[in-house]
Amino acid sequence: MSTEEISSSLKDCCDVTIIHDDIVSDIQKKQLSLEKGNDLALLFQALSDPTRVRIIYTLIQAEVCVCDLAAILEMSQSSISHQLRNLRALRLVKHRKVGRMVYYSIDDEHVESLMRIGLQHISHM
């Protein structure tokens, strides 16, 4: 690490160490459990893939079958199915079978809210 990098990284730290016990104690009581932290990280990990984001965005528009989803995104059905399995495991999408067709949709309104907020955030960049 260069002298400049060390100097820059020190600017991100306090010059003295003083623990504010009241603040620390209050926040520790409200802190996320490790399990919830892991679950939330998995959610954001799922949303970190552009293909999965495009799938979710498409499913916000309408419930569609795997065939149509593959056509819309110009991908193979097997690639789409693989991504849908991941999204279903995280309860971001749900499916229903009608005869030999499988239709996918958003699992609930929270998924749409996450996407809407994310899109609003990137429009400010």
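Bear in mind that the values in this text are calculations on the coordinates, not laboratory data. All figures in this text were calculated on a predicted structure; none of them were measured in a lab. Backbone-built Cβ (ideal geometry, glycine too); neighbour counts: all protein chains shown.
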Q) So, in Å, what gap is there between the alpha-carbon centers of region 17-70 and region 78-125? A) 13 Å
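Multiply the residue gap between ALA89 and SER113 by 0.36 nm, knock off their C-alpha separation, and tell me the result in nm, one decimal place. Write down the numbers at each step before the final one.
Details: separation 24, 0.36 × 24 = 8.64 nm, distance 1.90 nm.
6.7 nm is the gain from fully extending ALA89 to SER113.
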Q: Using only C-alpha positions, report the orientation-averaged shadow area of the convex hull of the chain, nm², one decimal.
A: 12.8 nm²
(Q) About the Cα centre, and with charges only on the beta carbon of Lys, Arg (+1) and Asp, Glu (-1), how big is the dipole of the chain? Nearest 20 debye, please. (A) 920 debye
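For n ≥ 4 DSSP H runs only, could you compute -39500 (n - 2.57) per run for the chain, divide by its residues and tell me the 222 nm figure to the nearest 500? Spell out each step's value before the answer.
Working: 7 runs with 79 residues, N = 125.
Here the helix-only value at 222 nm equals -19500 deg cm²/dmol.
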Q) How much net charge surrounds ALA46 when only the other residues with a Cβ under 14 Å from the Cβ of ALA46 are counted, with Lys and Arg +1 and Asp and Glu -1? A) +2
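Taking 0.36 nm per residue of sequence separation and subtracting the Cα-Cα distance, how much length would be gained by fully extending the chain between ALA71 and ARG54, in nm to one decimal?
Length gained between ALA71 and ARG54: 4.9 nm.
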